[in-house]
Each structure stands twice: as C-alpha cells, then as structure tokens.
Amino acid sequence: MADRDPVEVRLSDSFESVDARTWDRLAGSDDPFLSHAFFAALEASGSVGEDTGWSPLPLTVARGDETVGAAPAFLKTHSQGEYVFDHGWADAWARAGGDYYPKLQIAVPFTPVVGRRLLGPEPALVLAGAETLVRQNGLSSAHVTFLTEAEAAAAEERGWLVRHGVQYHWRHAGEADFDGFLGRCSSRKRKAIRRERAAAREGLTFRQLRGAEIGPAEMDAMWGFYQDTGSRKWGQPYLTHAFFAEAVERLGDQLLLFLAERDGRPIAGALNWVGADTLFGRYWGCSEEVPFLHFELCYYQAIEWAIAHSLATVQAGAQGEHKLARGYEPVLTYSAHFIPHGGFRAAVAEFLEREREAVAFELEAMRGELPFRKD
C-alpha cells in the first residue's frame, strides 16, 4: 500500500454494520470492552440507541482499501453515563447562547475503565477524523474518555485539552496468594482486612461462575442487584435486562460472576469482565445488607481471583476512596477534549489547568493512605 493512498473517514449508524473481523483486528483481544461483540450486545439489547441519548456512530478510517483506524464513537444528547463530568461546561455554553448538545463522545458507554479508544496503529488519523466530523457538522465538541496515557499525549499534540482524574487499581506485586497480599500490609491493616472478610462471610456461601457456568437464574439475580444499585445511585439503570443475556451469549468466558448466597438463595453479586491481564470489576448489588459484603465481593475476591489467574491488575471502577485501605492504589486517568470555539476552549483550558494541580495534590495525599508496610 503506497503512502500516497488517500485517507477516508467513514461513519456508520450501527456497530452491527461494521465488519466484526475488521473491528476486532484493530481492537485486539486484550480488552473485552473494545470487542465488536460488546458493542453489538449494547445495541441489540437497546442499552444504546437514539432513544437513550447514545446514538452509535462508529468511526473508521481507511487508507486506500485498508481500514487502518477506528473509534467507538457516539452522538450524545446529554452527559449521562460518562463518569467524566462536563455538566458545568454544558451549562456555561448554554448561558452563552450555544448548543452544547449533540456532542461527539468516543467512549465505552457506562463503563469507566481505562483502555485504548483510538484503535489502530495511527491514533492521529482517528483524532483527525473526529475533528473533521465536529467541524463539518457544527458540533460543539468531541470527547475521548478513559483513554491511555499515550493516546492522551497524541491528542495533546494535536491541540486537544487533556483532563486528569483519579481511579483506584490493585496491582499484582508477585504475591502467590491472598495471604501474600496481606503480608505486604501493615499489621493493623492486615488485621482489619481479616476482620472484614470474616464478618462478610459469616453464614454465607460463595460461588464464582465464568462464561457458560452463568445460567439464566444467576444472571437474573445479578440483574436485580444491578437494577437496585442503579436506581439508588443515578435514578435509572443504564443497561437493559436484555443486555445481561446478550452479554453471556456473545462474550462467554470474558464474564465472571461472584455470588453470595444465604441458604442457597443469592443475596448479592458482583459482575466482572476478564481481560488479558486485567480483571475489570463492573456491577454490584445486593438484596440484603451485610457489613463489608461489598468489599468482600468486589475487592477481596477480585484480588484473589486475579492472583490465582496471574493477572497484573484489577480495575474496580470509578470513585471510592475506601478502596485505598483495601490495597487499591490511586492512579491518574485521562480524557481528551476537542473544542473548536476559541473563547470556550480558553475558558475550559484554564479550568483544567487548575483542576490538574488539585488532582496531583490529591493523588500524592492518597498514596499515604495505602495499607502497605513502609519498608
């Protein structure tokens, strides 16, 4: 293929209309949230679509006859389900008389996990495609959320604004088992974790199910837990009931379910996704309040499973400083924002500069809250 071959940006109105093999070739197999099957499950279940405010607009870039880049893009009419909050930017734009929505969002919907977003060997081509889409359609902005540090640097080189955030990830330090992890902790923290696990497990039994082991009854129970948590946290769960069935069918062994049962009846669950070197904790819920059960299912069992399966990290989702005491370390996250309007861009840039300073200070302070021995 010659370098002089023209570059073409292509848009589709559905992930189903994008060739799955081409998409997965660019996405790779390390991250389950980038797979064509994941986005197809969101569409088929009605979790994304025009009625949800997440209109699929998968973007691909072709050079000659070969597709060399892609991005999971959506046209958004609100800012829900993103976990990088820009409601203040939208309000400011509206007060100035502009229309912030629709905007272009490159993201994994409802999923604050860190990973690649600019698929293929030339991320600059994907960014250029997003810029072209914004300008040609008069959109206010484009946003890429939870992208990698390298992708954020590539975006910054093109003049995108980079925003920092904080998440909490557990990192495998060579432990052979959970006791090895506890051995890294101070005596006081080690005892506290053991007390929490004992309290959470009293009178309960636990199951760990993967892929085909997750039957309809178990997934229905998990849906109920998710629905309860979602309605309490943000008013309306983002994912439909059908998504849970679609996920089991399409994603198979990438799904891992931890269940807590009392007398054979599920009372709590945590649904995880398995990547090549990362366990992604995603959804949790319960029908019975048990002290420390959330920590047991979402954090401690995730660590145990990751160690047993030689995974490097556990990503336990957004927010939650309580994760620090459970061995989850604070890490920087990145998002990138393309704002073509000069005045608005300057205002956002000033805000982000101050915010990055605050995040850096917060990150350093939180590292002192980790449970590990100082030696």
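The values are calculated or read from the model by the stated rules, or taken from the named source; none is laboratory data. Every value quoted in this text rests on a predicted model; they were computed, and no experiment measured them. Here the Cβ is made from the backbone with ideal geometry for all residues, glycine too, and neighbour counts use every protein chain on show. When the accessible area is computed, the model is the full protein with side chains, heavy atoms only, and any ligands, DNA or RNA have been set aside. Shrake-Rupley method; radii C 1.70, N 1.55, O 1.52, S 1.80 Å.
Miscellaneous remarks
- Here is how the number arises for the chain: DSSP H runs of 4 or more residues each give -39500 (n - 2.57), the sum is divided by the residue count, and the result at 222 nm is -11000 deg cm²/dmol.
- Burial ranking of peptide ranges 268-275, 353-360 (average Cβ count within 10 Å, highest at the top): 268-275, 353-360
- Length gained when the stretch residue 172-residue 201 is fully extended (0.36 nm per residue, less Cα-Cα span): 8.0 nm
- With coordinates expressed along the principal axes, the C-alpha atoms belonging to segment 296-348 extend over 51, 23, 15 Å, beginning with the largest.
- By accessible area with a 1.4 Å probe, ligands and nucleic acids excluded, highest first: order of 202, 321: 202, 321
- Per-selection Kirkwood Rh - the chain (Cα, Å, 1 d.p.): 21.9
- Within the assembled protein chains, the solvent-accessible surface assigned to residue 191 is about 120 Å², based on a 1.4 Å probe.
- FRET E, pair residue 95, residue 17, Förster distance 25 Å, beta-carbon r, rounded to 0.05: 0.05
- Three-way shape call for segment 16-67 based on the alpha-carbon gyration tensor, with the a/c threshold at 1.5: oblate
- The alpha carbons of segment 182-272 occupy a box of 46, 31, 29 Å along the principal axes, longest dimension given first.
- Computed from label points 7 Å out along Cα-Cβ, the spacing between residue 354 and residue 321 is 2.0 nm.
- Projected onto their three principal axes, the Cα atoms of segment 76-132 cover extents of 40, 26, 14 Å, largest first.
- Semi-axes of the equivalent ellipsoid for segment 48-188, Cα gyration tensor, largest first, Å: 33, 21, 14
- Using heavy atoms of the protein chains and a probe of 1.4 Å, the accessible area assigned to residue 284 is about 50 Å².
- Think of segment 201-302 as a dipole: +1 on every Lys or Arg Cβ, -1 on every Asp or Glu Cβ, centred on the Cα centre; then among 217, 238, 293, 238 lies furthest on the positive end.
- Exposure check, 1.4 Å probe, all protein chains in place: residue 91 carries approximately 90 Å² of accessible surface.
- Spin-label model, residue 228/residue 213: points 7 Å from Cα along the beta carbon direction are separated by 2.4 nm.
- Set of lysines with alpha-carbon distance to residue 374 below 16 Å, sequence-local pairs under 8 removed: 189
- Highest to lowest packing among 311-320, 149-158, scored as the average C-beta count within 10 Å: 311-320, 149-158
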